[in-house]
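Report on one structure; see the data block that follows.
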Amino acid sequence: MLSDITVPARPAAPLIGYVLKMYPRFSETFVVTEILAREAQGERIEIFALRPTDDTRFHAELARVQAPVRAIPVPKRLSIAWATLRSAGADPELAAAVARHLSELAELEPDDAVQAVEVARQSRMRGVTHLHAHFGSAATTIARLAGRLAGIPYSFTAHAKDIFHESVSREDLARKLDDAAFAVTVSDYNLAHLRAEFGDGPRLHRVYNGLELDRFPFVPPAARADEVRLLAVGRLVEKKGFGLLVRAVERLRARGVAVRLDIVGDGELGPDLRAQIDASPVRDAVRMLGARSQDEVAQCLREADVFVAPCLVGADGNADGLPTVLLEAMASGVPCVSTAVTGIPEIIRDGETGVLCAPGDVADLAEALARACAADFPAEPIARRARRLIEREFDARRLAADLAELTGAVARDERRAA
């Protein structure tokens, strides 16, 4: 439900404000890909960044983003909060909206409330016509309130942690879904889950995270050397299952399967994983390469024989949605092994587009890897089918057009209602 305040005259062309908790964020390449694809089809975008980035590494693709980035101050000092409210007060209609929605603002954390006012103020000032947030947590909290204050619609993309983690408030997520002009999520699994939990509303859609296919040219799997090169990429957190993967490699080598494993990424479990590897009988066959840029990951993919994403459901309920790097590996022609977690079976179809195994089961993972490493494994036909699936379902240009259509439909409905 939108606010009833009068919005300043809007430009004829839509202007979409992306509300992001942190931008840029090294691990959220899908956001950059989406913005680039939307800009490429002519959409105008501005980015509202709610927190300063803590990444010192940047992907080259960031330089191609045209959208200006508006850093929304975190009101850690009373003077910042006061300055924000004073600026909002200079817009009489926004000030009235703040007063009307004061009880809702008071429900939020102070930082979120003040930032919602500031996003609303800047949206009105800049002529933003639609707000879109990624992740149904803090960013959507602020986009929702900012939209109500500014009198413009909002939408959001729900991923995984913001749906499945034990800390997710069902009541809060329901309110966000109810108030959104539309919401999208990144797999059919997520869509079915949300519809089962919150109802089969017409404003809930599945839109996959896309890839820029030109950046991931297909290369047929090469003849393998004596040792099969395994590659895993992702943040070093429980849901990625890397500890399990090291144990699976131990099993493989114990039964005489010659494999080596490279792990790319960093994260909170890095020290634990390092200690596990150091204590492992296969420590000389496993390398931790740290975080790498997209170009460096692409190079790692070119050198790998098998890509493995041993995802599992964490003890806190957290699980991966649909790992972007898994899509990149499939696009690039690397045979993939993964697990039946959330949306992964939508792309890894066992024996057709990869090898699928049970999540959290080290024996099943070792067996799946053994299949993929076997000399008679049909690597090329499986890789070609995987590439065709990625081209058909994950082309960022087509998925950006889907988002543009959803956003445009909201604008058309608003004009008819005016």
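How long is region 188-309 along each principal axis, judged by its Cα atoms, biggest number first, in Å?
Principal extents (largest minus smallest coordinate, Cα): 53, 34, 28 Å.
With every protein chain present, what is the per residue accessible area of the chain (1.4 Å probe, Å²)?
Value for the chain: 43 Å² per residue.
Give me the dipole magnitude in Debye, nearest 20, for the chain about the Cα centre, with unit charges on the beta carbon: positive for Lys and Arg, negative for Asp and Glu.
760 debye
Using just the alpha carbons, could you tell me how many Å³ per residue the convex hull of region 376-418 encloses?
Looking at region 376-418, the number lands at 47 Å³ per residue.
When the solvent-accessible surface of protein heavy atoms is calculated with a 1.4 angstrom probe, in what order do Lys76, Lys161 fall, highest first?
In descending accessible area the options line up as Lys76, Lys161.
Between region 119-193 and region 251-311, what is the separation of their alpha carbon centroids in Å?
If we compute the Cα centre of each part, the gap is 36 Å.
Within 10 Å, count the other beta carbons around each residue, average over each peptide in 107-118, 252-263, 79-90, and list them highest first.
107-118, 252-263, 79-90
Between Lys76 and Ala223, what length comes free when the chain is fully extended (0.36 nm per residue of separation minus the Cα-Cα distance, one decimal in nm)?
So the chain would gain 47.2 nm between Lys76 and Ala223.
State whether the chain is rounded, prolate or oblate according to the following rule on the C-alpha gyration tensor (a ≥ b ≥ c being the square roots of its eigenvalues): a/c under 1.5 gives rounded; otherwise a/b larger than b/c gives prolate, and the remaining case gives oblate.
prolate
Where in region 129-148 does the amide nitrogen come within less than 18 Å of the point 7 Å from the Cα of Ala40, taken along Cα to Cβ?
none
With a 10 Å radius around each residue's Cβ, average the other Cβ atoms per peptide and rank 128-137, 63-72, highest first.
The packing order, highest mean first, is 128-137, 63-72.
Want the number for Asp361 to Leu289: 0.36 nm per residue separation, take away the alpha-carbon distance, what's left?
23.4 nm
What nm value, rounded to one decimal, do you get for the distance between Ala279 and Asp350 when each label is placed 7 Å out toward the C-beta?
The modelled label-to-label distance comes out at 3.2 nm.
Any idea what the relative contact order of region 214-394 is, in percent, if you count C-alpha pairs under 8 Å spaced at least 6 apart?
RCO, region 214-394: 25 percent.
What order, most packed first, do the peptides 273-280, 357-364 have when packing is the mean number of other Cβ atoms within 10 Å of each residue?
357-364, 273-280
Can you give me the solvent accessible area of Asp172 with a 1.4 Å probe, rounded to the nearest 10 Å²?
Rounded to the nearest 10, the figure is 50 Å².
According to the square roots a ≥ b ≥ c of the eigenvalues of the Cα gyration tensor, what is the shape class of region 214-394, taking rounded for a/c under 1.5, prolate for a/b larger than b/c otherwise, and oblate for the remainder?
Judged from the Cα gyration tensor, region 214-394 comes out rounded (a/c under 1.5).
Tally up the carbon and sulfur contribution to the accessible surface of the chain as a whole percent, 1.4 Å probe, everything protein left in place.
C and S atoms contribute 52 percent here.
The values are calculated or read from the model by the stated rules, or taken from the named source; none is laboratory data. Note that the structure is predicted; figures quoted are calculated from it, not measured. So basically every Cβ, Gly included, is an ideal-geometry build from the backbone, and we count neighbours across all protein chains shown. Ligands, DNA and RNA are stripped out before the accessible areas are found, and what is left, the full protein with its side chains, is counted by its heavy atoms. Shrake-Rupley method; radii C 1.70, N 1.55, O 1.52, S 1.80 Å.
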